[in-house]
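Chemist: Below is one structure. I have some questions about it.
All of the numbers you see were taken from the coordinates with simple rules; none came from a lab. Since the structure is predicted, the reported quantities are computational estimates derived from the model, not experimental observations. Counting neighbours? That spans all protein chains shown, and the Cβs are built from the backbone with ideal geometry, glycine included.
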Amino acid sequence: MDGKCVCVAEHRPQNLYVDHHHIDALYAGGPDTPANLITVCRSTHDWTHKILRAFDKAGGVLIRHNGWPRYAYKLAVDGWQRGVARRAGQP
């Protein structure tokens with residue numbers, strides 16, 4: 001990970017903060033390994049977790065809201081689906 005946000009090619013203004021996001025969430029049993037980490041800007045990271053909480057509140061239904069950033073939604077769906085597959089015993 002090179003410390004650059006993977007959600008867009010270039011932030012304007014330049015993004016000052018990046019976070020390491022676990023694609024398959026740690027709290028849901030995902031691994032704490034480099035293969036499970038990506039670097040995203042703070043905004044995308046915050047949105048991704050807001051969307052994951054909305055999925056959880058909706059009982060696992062992958063709802064969609066037009067106000068959600070597309071990349072954060074994609075990360076949330078990917079993470080949610082990985083967690084579901086892991087809990088079902090799938091690779």
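Chemist: Taking segment 50-69 only, how many residues are surrounded by fewer than 16 Cβ atoms within 10 Å (Cβ to Cβ) and assigned to a helix (DSSP H, G or I)?
Modeler: Final tally of qualifying residues: 4.
Chemist: Kindly provide the set of residues from segment 16-36 that are within 20 Å of Cys5 (Cβ to Cβ) and either in contact with a strand residue (DSSP E or B) (Cβ under 9 Å, 6 or more places away or on another chain) or not in a helix (DSSP H, G or I) (or both), ordered by number.
Modeler: Of everything in segment 16-36, those that are within 20 Å of Cys5 (Cβ to Cβ) and either in contact with a strand residue (DSSP E or B) (Cβ under 9 Å, 6 or more places away or on another chain) or not in a helix (DSSP H, G or I) (or both) turn out to be Leu16, Tyr17, Val18, Asp19, His20, His21, His22, Ile23, Asp24, Ala25, Asn36.
Chemist: Enumerate the pairs (first residue in segment 70-88 and free of Cβ contacts under 8 Å to residues at least 60 places away in the same chain and assigned to a helix (DSSP H, G or I); second residue anywhere and of a type in the set (Asp, Glu) and surrounded by 14 or more Cβ atoms within 10 Å (Cβ to Cβ)) with beta-carbon separation below 7 Å, excluding pairs fewer than 6 apart on the same chain, so at least 6 apart or on different chains.
Modeler: The qualifying pairs are Gly79/Asp24; Arg82/Asp24; Gly83/Asp24.
Chemist: Now for a different question. Those residues that are closer than 16 Å to Leu26 by Cα and small (Gly, Ala, Ser), I need them from segment 45-90; list them, please.
Modeler: Within segment 45-90, Ala76, Gly79, Gly83, Ala85 qualify.
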